[in-house]
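Quick notes on the structure that follows.
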Amino acid sequence: MKQILIIGGGSIGERHLRCFLRTGRAEVALCDVNESLRSGVAARYNVAQTFASLSDALKATFDAAVICTPAHLHIPMAIDIARQNMGILIEKPLSTSLDHIDELQKETEARGLSVSVAYVLRHHPALVAVRQCVLSGTYGRPVQIVFTGGQHFPFYRPAYRDTYYTRHATGGGAIQDALTHIVNAAEWIVGPVTRLVADAEHFLLDGVDVEDTVHLITRHDTIMGAFSLNQHQAPNETTLTVICERGTVRYEAHAARWLTCTEPNSAWKVEEEFRIERDDMFLNQAHAFLDQLDGKAAPACSLSEARQTLFVNLAELKSIESGSWIRL
């Protein structure tokens, strides 16, 4: 059994804690500065070991830690954890700046530590299948990738006004909160973004000033990309489409399926449908990280891959401010 420390007992930290327990391969402890939150989560899952500070937690022995705090805290915490020779799973986005990421990479590489970043869409079986199909070359090389989607954020995250979401400095806004998942998935499938231009606006979310609507145009070297996201529409939909030379492949998260279309004016062919609950991706992610700790798997999303997506996040914000294309 691996000993896993969960840092941060908010909604995402509680989900990680629950899913690591569900693997049957880990015992967990919880660290959170909020006493009522910490004790409530510990009571719900019968967690015996809790800590009020990271410094206290790091006096104990763990195989790895899962960092579920606001994004601006990720890198300083990860460096402290690495110096205790612990594996690290870091929630997305990796950070809100590039500060000290090189230092973290040197620390983890020098110590041979397992590190992964929690871009959880990489654990959705339909998206995995889309990637495998595209990389196989079955339909020729990809030429375009297109995303459309959104959800009613207040319905799914009613406490958003009281979280990191309210400020860019802590990882808030649609770009760093939601679109970063899709950008990371797109880069995983068709390669890194090489230049971009972005537009964004705050339209409807009450109590915040950060963007809730984003349009992004990208180049992934020769491949073109277009992404449209909002966090206020009624339907909860995520559709990512890869157009290749001889066919089109689509991932529909809301329907938990992937589809293909190869003939003009023909219907989509459903390749596979999955029965999947939201926890299932996090359970898959927990198993993948435990496999990595056991030396049986590579990181699902490496530090270098997550840093590339961070470059994109920061470039989007810069593009919106300058109103111009940004080359990465």
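Observations, loosely collected:
- Proximal lysines to Lys106, defined as alpha-carbon separation beneath 29 angstrom and excluding residues fewer than eight positions away on the same chain: Lys2, Lys59, Lys92, Lys296, Lys318
- Within region 47-120: Cβ-based charge dipole about Cα centre, in debye rounded to nearest 20 (Lys, Arg +1; Asp, Glu -1): 120
- The residue among Ser116, His168, Leu30 whose Cα reaches farthest toward the positive pole of the charge dipole of the chain, with charges on the beta-carbon of Lys, Arg, Asp and Glu, is Ser116.
- Hypothetical label at Thr61: residues of region 82-114 whose amide nitrogen lies under 12 Å (7 Å Cα-Cβ projection): none
- The convex hull drawn around the Cα atoms of region 6-120, when projected onto a plane and averaged over every direction, covers 6.7 nm².
- Degrees, to the nearest 10: 303-322 long Cα axis against longest axis of the chain: 60
- On Cα atoms only, tilt of 180-190 relative to the major axis of the chain in degrees: 60
- Charge dipole (Cα centre; +1 on Lys/Arg Cβ, -1 on Asp/Glu Cβ; no other charges) of the chain amounts to roughly 600 debye.
- The chain shape via C-alpha gyration tensor axes, a/c threshold 1.5: prolate
- Rel. contact order, % - alpha carbon contacts under 8 angstrom, at least six apart, the chain: 19
- FRET E, pair Ser322, His152, Förster distance 22 Å, beta-carbon r, rounded to 0.05: 0.10
- Highest average packing first - 199-209, 122-132, Cβ atoms within 10 Å: 122-132, 199-209
Values quoted throughout were computed directly from the atomic coordinates according to the rules given, and no laboratory measurement underlies them. Everything numeric here is computed off the predicted structure, so don't read it as measured data. Because the Cβ atoms are built from the backbone with ideal geometry, glycine has one as well, and the counts that use them run over all protein chains shown.
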